[in-house]
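Engineer: Below is a structure I'd like to ask you about.
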Amino acid sequence: MKRTKYALLGIAVALTVVVVVSCGKQSPTATKELEVACFKGGYGIDFFEQAAREYEKAHPGVKIKVWGNPRVWEQLRPRFIAGNPPDLTYPGWGMDHWALVYEGQVIPLDEYLDSPPYGKTEGRWRDTFEPSLLELCQYQGKTYMLPYFFSMLGWWYNKDMFEKNGWKPPRTWSELLALCEKIKAKGIAPITYQGIYPAYAVSGFLIPWVISAGGIEAFDNAQNLVPGAWKSPAFLKAAQMMDELRRRGYFQEGANGMDHTGAQMEFLSGRAAMIPCGTWLHSEMRNVMPKDFRMGFFLPPVLDEGKGDPTAVGIGIEPWMVPTKGKNRELAIDFYKYMTSLEKAKQFVEQKGTLMSIRGSDQANFPEHLKEPVEVFRRAKTVWSVEYRQWYPRLGKEVEDATAALLAGNITPEQFVERLERAAEATRQDKNIPKHTDTRGQAR
Amino acid sequence: MTSQARSAFMAGFLLPATVLYALFVVMPVVQAFAFSLYRWRGISANRTFVGLENFRQLFADPIVWLAIRHNLLLFVGTSVVILAMAIALAHAIGHETGTARFLRAVYLFPQVISLVVVAILWMFILNPSFGILNATLKAAGLERWAIAWLGERSTALASIGVAHVWHALGFYIMLFAAALRTIPPDVMEAATLDGAMGLTRLRYVTLPMLWAVLRIALVYMAIGTMNIFSLVFLMTQGGPDRATEVMLTYLYEQAFKHSEFGYATALAVVNFVLVMALSGAILALFRHNPQEGRA
């Protein structure tokens, strides 16, 4: 028995020595290591890797490991739970960002946003961002996330088809109805949509028309869960407009059964003339896009006598954040400052063909398909963003389900708004759901 | 070897597997039962004990009942079709000719394809615009029938059922083909001599001889349909308007989209109990071979 004890003790000592020796070997000089975990979507992660190499070159002794994949959020969840998150992360659309905020897993960044931008000794980093985008990152007055690129939501049309037939992108509801009739007469589906993912129809039809009918307040009140807001006349009007398009047969037959790529293929192949989608459409479909396909972007047509700002545009961001339990907070911030410097932002715009949250980055050379969106954004006096979907996922899901039902003709516009209000009421009453009260949809 | 030494020897062989099983199978299950008693966002170590609150909420959640109904509908619908087709086809390809061997391979083919590919394949077939199904219907002059199969509340679940049958059928054909081969030829011969042919022979001779396999097949089908996920998730996302929501897609939504891990684990526990209960019920219901008493 005694002998076993000694043997165990010996093993323990040996192990300790090994551990101590190997630890000692790892830090000969003061190397600082930074781990950056990114969502690998349509724009890849090569840009961030490249930025890391440049930053390392400028800062000897710093080592940055950038990694990522298309489902990075799944790997990040256990890391957050274990208290061992990366130093900086862009967890992607599959991560519940606000849950990270509620759980104190990411830090408020205002102190850093008030410090100078990368390589500068004065000025505020905050002022280099497009302010309307930075505001989307706030909760109870603090900023927890950082925008990078952003997308705009609108409608795309088939340019060649329109030019050949002498059609113009419709600006108003009556122009839309008249145009749809002409398109339909040609045997082409006027509008298609990504039916299996009703979020596209929500941000492509419902919200723009709510804003057009009731002004941005109508949407703000809904997002802020003001009682009755989800069944206000503006929501009813928007629902009636969607229902009217359906009844007139202006939506592509079967669109309710198509996923996003399916519907987008219908548009690219010329079987449908228009489709609601974000500015990511080009990068998502570039591999299957006919070579000479030309598409144009425009805002969803507004009501002829609408209350809302006709230049209002929907935007969306995929934010970055700094985990509370990251080991190199200061370095993470400085690296992100580098990535958001005007020079890097312009490079991102040119290499990836998307819009950036950094002011002045729209002076870069945009690819053809982004020229119209950029113009739309420059003209926009109001921006809005579907925030309730991230704040209150259950409400978001119900709005999408009801939208699918409305577009399939299973429920009436009246039943539709009743359903939305019921879902909003349930969220309002649920004490376990943290509430956001920040008003959005501000003038720029 | 003394009996004690023999026990020790046996324990030595059983121990590693038992430890691994306990660690990676039993532990997570027990843990899941524990997590279902908490409110937990699944994003930090932070969680609040809420007792049976998740279960109370779950039983009052109409979507849970809807999902269970869809699971059961899929089970009943697909198992009837699979059983009928599998037994018939197993019968048809039971002999040892080249054609039969070839067909056996063909029928097993869907089984070896990844479910993701199966889902994509069927989405193409059912595509309302260029899908082969609607094209065929239109060519046959049945334009009214050419609909968005996955977009309509009335047909979405059935469409998923069809894809599931297509994928699962091969396995059951193999199962029944193997079982058929275990029936002694002289039994069949005797039945034939007694004048039992066709459906009569199937009912009074073949089926009773297949009873044990039939029972197991039903349990497999119950597990398969109660735990169906990939096909639904990829083909419809549980839509349109929850018309194809099943337990596991709802669980996924709660856990990963709504960050309600406690609630999701409660759903997992309920689903586990349901599968166990259903399997137990099938085993009990089919315990007695109805023909055994007569033999």
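Engineer: Could you pull out the chymotrypsin sites (Phe, Trp or Tyr not before Pro) across the range A:84-140 that fall in loop regions by DSSP (anything but H, G, I, E, B) with no more than 12 other Cβ atoms inside 10 Å?
Structural biologist: A:Trp93
Engineer: Projected onto the charge dipole of chain B (+1 at Lys/Arg Cβ, -1 at Asp/Glu Cβ, origin at the Cα centre), which of B:Ala191, B:Leu14, B:Asn134 gives the Cα projection farthest towards the positive end?
Structural biologist: The residue sitting farthest along the positive end of the dipole is B:Leu14.
Engineer: Tally Lys and Arg at +1 and Asp and Glu at -1 over the other residues with C-beta under 10 Å from the C-beta of A:Thr172: what net charge comes out?
Structural biologist: Value of the local net charge: -2.
Engineer: Given a cut-off of under 8 Å on Cα pairs at least six residues apart, what relative contact order in percent is computed for chain A?
Structural biologist: Relative CO of chain A lands at 23 percent.
Engineer: If A:Tyr43, B:Tyr107 are ordered by their accessible area, calculated over protein heavy atoms with a 1.4 Å probe, which sequence runs from highest to lowest?
Structural biologist: Result, largest first: B:Tyr107, A:Tyr43.
Engineer: In what sequence, largest accessible area first, do A:Glu318, A:Glu266 appear using a 1.4 Å probe?
Structural biologist: A:Glu318, A:Glu266
Engineer: Positive end of the charge dipole of chain A (Lys, Arg +1 and Asp, Glu -1 on Cβ, about the Cα centre): tell me which of A:Thr340, A:Asn287, A:Phe39 has its Cα farthest that way.
Structural biologist: Positive-most Cα among the choices belongs to A:Phe39.
Engineer: Oh, and also: Evaluate peptide A:145-154: per residue, the Cβ atoms of other protein chains within 10 Å of its Cβ; return the mean as an integer.
Structural biologist: Mean inter-chain Cβ contacts per residue within 10 Å come to 0.
Engineer: A follow-up question, please. Please work out the C-alpha center-to-center distance from the range B:59-77 to the range A:93-129 and express it in whole Å.
Structural biologist: 44
Engineer: Further, regarding this structure: What does the accessible area of B:Thr2 come to, in Å² to the nearest 10, when a probe of 1.4 Å is used?
Structural biologist: Solvent-accessible area, nearest 10 Å²: 90 Å².
Engineer: How large is the convex hull of the Cα atoms of the protein assembly as shown per residue, expressed in Å³ as a whole number?
Structural biologist: Spelled out: Cα convex hull of the protein assembly as shown, divided by residues, is 239 Å³.
Engineer: Which sequence of B:Met235, B:Met27, A:Met265 reflects their accessible areas, 1.4 Å probe, from the largest down?
Structural biologist: B:Met27, A:Met265, B:Met235
Engineer: On to the next question. Can you pull the Rg over Rh of chain B, Cα-only, Kirkwood?
Structural biologist: Here Rg/Rh amounts to 1.05.
Engineer: How large is the charge dipole for the protein assembly as shown, taken about the Cα centre, if only the Cβ atoms of Lys, Arg (+1) and Asp, Glu (-1) carry charge, to the nearest 20 debye?
Structural biologist: That gives the protein assembly as shown a dipole magnitude of about 1500 debye.
Engineer: What is the average number of partner chain Cβ atoms found within 10 Å of a Cβ in A:327-337?
Structural biologist: 0
Engineer: Continuing with the same structure: Heads up, I need the accessible area for A:Lys32: 1.4 angstrom probe, whole protein in place, Å², nearest 10.
Structural biologist: 110
Engineer: Work out from phi, with θ = phi - 60° and the Karplus expression 6.51 cos²θ - 1.76 cosθ + 1.60, the ³J(HN,Hα) of each residue of the range A:421-430, listed in order in whole Hz, and give x for Gly and Pro.
Structural biologist: Listing the rounded values in order: 5, 4, 5, 5, 4, 4, 5, 4, 7, 7 Hz.
Engineer: Moving on. Tell me, what ³J(HN,Hα) does each residue in the range B:134-141 have, in order and in whole Hz, if you take phi through Karplus 6.51 cos²θ - 1.76 cosθ + 1.60 with θ = phi - 60° and put x for Gly and Pro?
Structural biologist: 5, 4, 5, 4, 5, 4, 8, x
Engineer: Same structure, new question: For A:Phe39, list long-range residues whose amide hydrogen, built 1.01 Å from N in the peptide plane, is under 5 Å from its own amide hydrogen.
Structural biologist: A:Tyr90, A:Gly92
Engineer: Assign unit charges at the C-beta atoms only (+1 for Lys and Arg, -1 for Asp and Glu), then state the dipole size of the range B:138-295 relative to its Cα centre in Debye, rounded to the nearest 20.
Structural biologist: About 160 debye.
Engineer: Over the heavy atoms of B:Val30, what accessible area does a 1.4 Å probe trace out, to the nearest 10 Å²?
Structural biologist: Rounded to the nearest 10, the figure is 90 Å².
Engineer: Compare the peptides B:124-135, B:108-119 by average per-residue count of other Cβ atoms within 10 angstrom and give them in order, highest first.
Structural biologist: Per-residue mean Cβ counts within 10 Å order the peptides as B:124-135, B:108-119.
Engineer: Which loop trypsin sites (Lys or Arg not before Pro) in the range A:242-292, with loop taken from DSSP, have no more than 14 other Cβ atoms within 10 angstrom of their Cβ?
Structural biologist: A:Arg248, A:Arg286, A:Lys291
Engineer: Next question. Averaged across B:62-70, how many Cβ atoms of other chains sit within 10 Å of each residue's Cβ atom?
Structural biologist: Per residue, the number of nearby Cβ atoms from other chains is 0 on average.
Engineer: Specify which residue in the list A:Met321, A:Tyr392, A:His369 is farthest towards the positive end of the charge dipole of the range A:305-393, using unit charges on the beta carbon of Lys, Arg (+1) and Asp, Glu (-1), about the Cα centre.
Structural biologist: Highest projection toward the positive end goes to A:Met321.
Engineer: Also, quick follow-up: Mind checking the dipole of the range A:244-284: about its Cα centre, +1 per Lys or Arg Cβ, -1 per Asp or Glu Cβ, Debye to the nearest 20?
Structural biologist: That gives a dipole near 200 debye.
Engineer: I would also like to ask the following. So how long is each side of the range B:70-229 along the principal axes, counting just the alpha-carbon atoms, biggest first, in Å?
Structural biologist: On the principal axes, the range B:70-229 reaches 55, 34, 27 Å in Cα extent.
The values are calculated or read from the model by the stated rules, or taken from the named source; none is laboratory data. Just so we're clear, the structure is a prediction, and the values are computed from it rather than from any experiment. All Cβ positions, glycine included, derive from the backbone under ideal geometry; neighbour counts span all protein chains shown. To get the accessible areas, we keep the full protein, side chains included, count just its heavy atoms, and leave off ligands, DNA and RNA. Shrake-Rupley method; radii C 1.70, N 1.55, O 1.52, S 1.80 Å.
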